[in-house]
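J.: One structure follows; several queries about it will come next.
Read the figures in this text as sums done on the coordinates, not as results from a lab. Worth saying up front: this structure is predicted, and the values here are computed from it rather than measured. Cβ: placed from backbone, ideal geometry, glycine included. Neighbour counts: every protein chain shown.
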Amino acid sequence: MSEATSRQRILSGMQPTDGSLHLGNYIGALRQWVALQDDFEALYFVADLHSVTVKHDPAVLAERTRRTAAQYLAAGVDPAKSILFVQSHVPEHAQLGWLMQCVTGFGEASRMTQFKDKSTKHGSDGTTVGLFSYPSLQAGDICLYDASLVPVGEDQRQHLELTRNLAERMNSRFGAGTVVVPDAHIVKGGAKIMDLTNPTAKMSKSSSGGKGVVWLMEDAKRAVKAIKGAVTDADETFGVRYDVENKPGISNLLVIFSAITGREIDDIAAEYDGRGYGYLKVDLAEAVAEFIRPFQERAEIYLADPAELDRVLVDGAARAREIAAPVLARVYDRFGLLRPASAGGAR
Ligand code: TRP
């Protein structure tokens, strides 16, 4: 076995939802992707097919897809170590996604909490069949590469459970080894960054109208403002300690501080305890700004040279397809789909 194939394969992706990723995406996912690429055969992609499950603007989607890829690179995803690509560049995603839909029960798809939330938000006319089958497409993404580990945030746990169920079902109906059953790799410690103005909800545009979000691609001054405006917890002591239950706001700031400086949470808490929240916020705001500025500079280098960025993505898609095509062919065979004569004749 060659060095490359003896390593376990991991895969993950994010939707190109906004023009910028936020600190929660970085700390909860991207940072781990970068760490994992040294020890695993890693595939990271921009999940653009998932983004069209809700109404979108075509020109904006194309731009955001590039920007998302540039931010993966800025965070340290290295195309020499990982396979970096755009989901729609590898048509096998849609193909395996279809087979996954055909083994997904209507009932189990109906139970996905993300679907329930989004369909409530978009109403019955805005809720597409694509949104309903979104998790089946995701299961296809994972099984298409025989991935054994999927590093994702806590919010994707249910989709991963579904993927495992679908994979096991495929193997029992169509024979062992039809697909690989993956494991979730839920990132511990800092997996979930909370909204700064609403620290019991995940950091996101929808949880606070964006006020509690630190955007990686926006002016660092906005990040500083967001941190300084973070909701803190009222108690008599103004103690700085990690206590999610009683001090969700302060705990969130400590997690962010630790993640971007590499310092231990307890050390940081000890340094600021008894000095008031203001000191903690000022220093954290500065640390975040120091992180964001060079991050943006790196992303801008790619955005200023779209030809080079596209070259990286074309190369990534070619490498991804080398893995995907034989896996898809195997699953097609197991399903009993007739092999075209041009591809070696009938089964
Ligand atoms: N649904 C994931 C999210 O919103 C994105 C995604 C799509 C994904 N396909 C995937 C993540 C496959 C991991 C593996 O974050």
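J.: Which distance in nm do the two modelled labels at D155 and D266 give, with both placed 7 Å along the Cα-to-Cβ direction?
T.: Modelled inter-label distance: 3.2 nm.
J.: Report the full-extension gain for the segment D117 to L61: residue separation times 0.36 nm, less the Cα-Cα distance, to one decimal in nm.
T.: 17.9 nm
J.: Suppose we keep just the alpha-carbon trace of region 88-190; what are its Rg and Dmax in angstrom?
T.: Spelled out, the Cα radius of gyration and Dmax of region 88-190 are 13.9, 40 Å.
J.: Angle between the Cα long axis of helix 306-335 and the longest principal axis of the chain, 0 to 90 degrees, nearest 10?
T.: Approximately 50 degrees, to the nearest 10.
J.: Looking at the chain only, what percent of DSSP beta bridges run antiparallel? Nearest 5 please. The partial results should precede the final answer.
T.: Numbers: 2 of 17 bridges.
Once the DSSP bridges in the chain are tallied, antiparallel ones form about 10 percent.
J.: Let me ask something else about it. In the structure shown, do any of K118/K225; K118/K202; K221/K281; K118/K228 have a Cα-Cα gap over 21 Å, and if so which?
T.: In this structure, K118/K225; K118/K228 lie more than 21 Å apart at Cα.
J.: Within 10 Å of each residue's Cβ, count the other Cβ atoms and sort H185, H93, H159 from fewest upward.
T.: Neighbour counts put them in this order, fewest first: H185, H159, H93.
J.: Using +1 at the C-beta of Lys and Arg and -1 at the C-beta of Asp and Glu, which of G239, I268, L162 has the Cα lying farthest in the positive direction of the dipole of the chain?
T.: L162
J.: I would also like to ask the following. Given a 10 angstrom Cα cut-off, can you work out which residue in A29, A176, A223 is the most mobile in a GNM of the chain?
T.: In this elastic network of the chain, the residue with the biggest mean-square fluctuation among A29, A176, A223 is A176.
J.: Take the Cβ-Cβ distance between R169 and K221 as r, set R0 to 45 Å, and report the resulting FRET efficiency rounded to the nearest 0.05.
T.: 0.30
J.: Could you tell me how many degrees, from 0 to 90 and to the nearest 10, lie between the Cα long axis of helix 113-126 and the main elongation axis, the longest principal axis, of the Cα atoms of the chain?
T.: The angle comes out near 80 degrees.
J.: Compute the Rg/Rh shape ratio of region 215-277: radius of gyration over Kirkwood radius, all on alpha-carbon atoms.
T.: 0.98
J.: Name the shape class, rounded, prolate or oblate, that the alpha-carbon gyration tensor gives for region 144-247, where a ≥ b ≥ c are the square roots of its eigenvalues, rounded holds for a/c under 1.5, and otherwise prolate holds if a/b is larger than b/c and oblate otherwise.
T.: prolate
J.: Here's a follow-up. Tilt of helix 129-143 relative to the longest C-alpha principal axis of the chain, in degrees (0 to 90, nearest 10)?
T.: The angle comes out near 80 degrees.
J.: Using the Cα centre as the reference, give the magnitude of the dipole from point charges on the C-beta atoms of region 1-128 (Lys, Arg: +1; Asp, Glu: -1; all else neutral), rounded to the nearest 20 debye. Mind showing how you got there, number by number?
T.: Working: 12 positive and 13 negative charges, 58 e Å.
Computed charge dipole of region 1-128: roughly 280 debye.
J.: If you don't mind, another one. Arrange the following residues from fewest to most other Cβ atoms within 10 Å of their Cβ: W215, W33.
T.: Arranged by neighbour count, lowest to highest, W215, W33 become W215, W33.
J.: Now a separate question. For the residue pair E245 and A287, what label-to-label distance in nm results when each label sits 7 Å from Cα along the Cα-to-beta-carbon direction?
T.: Reported label-point gap for E245 and A287 is 2.6 nm.
J.: Choose one of H89, A59, L49: the residue whose Cα lies farthest towards the positive end of the charge dipole of region 43-99 (beta-carbon charges +1 Lys, Arg; -1 Asp, Glu; about the Cα centre).
T.: Of the options given, the answer is A59.
J.: With the Cα gyration tensor of the chain giving a ≥ b ≥ c as the square roots of its eigenvalues, does the rule (a/c under 1.5 for rounded; else a/b larger than b/c for prolate; else oblate) give rounded, prolate or oblate?
T.: Taking the square roots of the gyration eigenvalues as a ≥ b ≥ c, the chain is prolate.
J.: When the Cα centres of region 190-251 and region 91-153 are compared, how far apart do they sit, in Å?
T.: Using only Cα atoms to place each centre, the spacing works out to 30 Å.
J.: I need the shape label for region 243-332. Rule: rounded when a/c is under 1.5, else prolate if a/b > b/c, else oblate, with a, b, c from the alpha carbon gyration tensor.
T.: It is oblate, given that a/c is not under 1.5 and a/b is not larger than b/c.
J.: Using amide H atoms built in the peptide plane, which far-off residues or other-chain residues are under 5 Å from D273 H to H?
T.: V240
J.: About the Cα centre, and with charges only on the beta carbon of Lys, Arg (+1) and Asp, Glu (-1), how big is the dipole of the chain? Nearest 20 debye, please.
T.: I would put it at about 1000 debye.
J.: I'd like to know which of H22, Y72, S6 lies farthest towards the positive end of the charge dipole of region 1-81, counting +1 on Cβ of Lys and Arg and -1 on Cβ of Asp and Glu.
T.: Farthest towards the positive pole: H22.
J.: While we're on this one: With charges only on Cβ, +1 for K and R and -1 for D and E, what is the dipole size of region 80-202 about its Cα centre, in debye, rounded to 20?
T.: My answer is approximately 180 debye.
J.: Using 0.36 nm per residue, how much length does the chain from R330 to A94 gain when fully extended, once their Cα-Cα distance is taken away?
T.: Net length gain for the segment: 83.4 nm.
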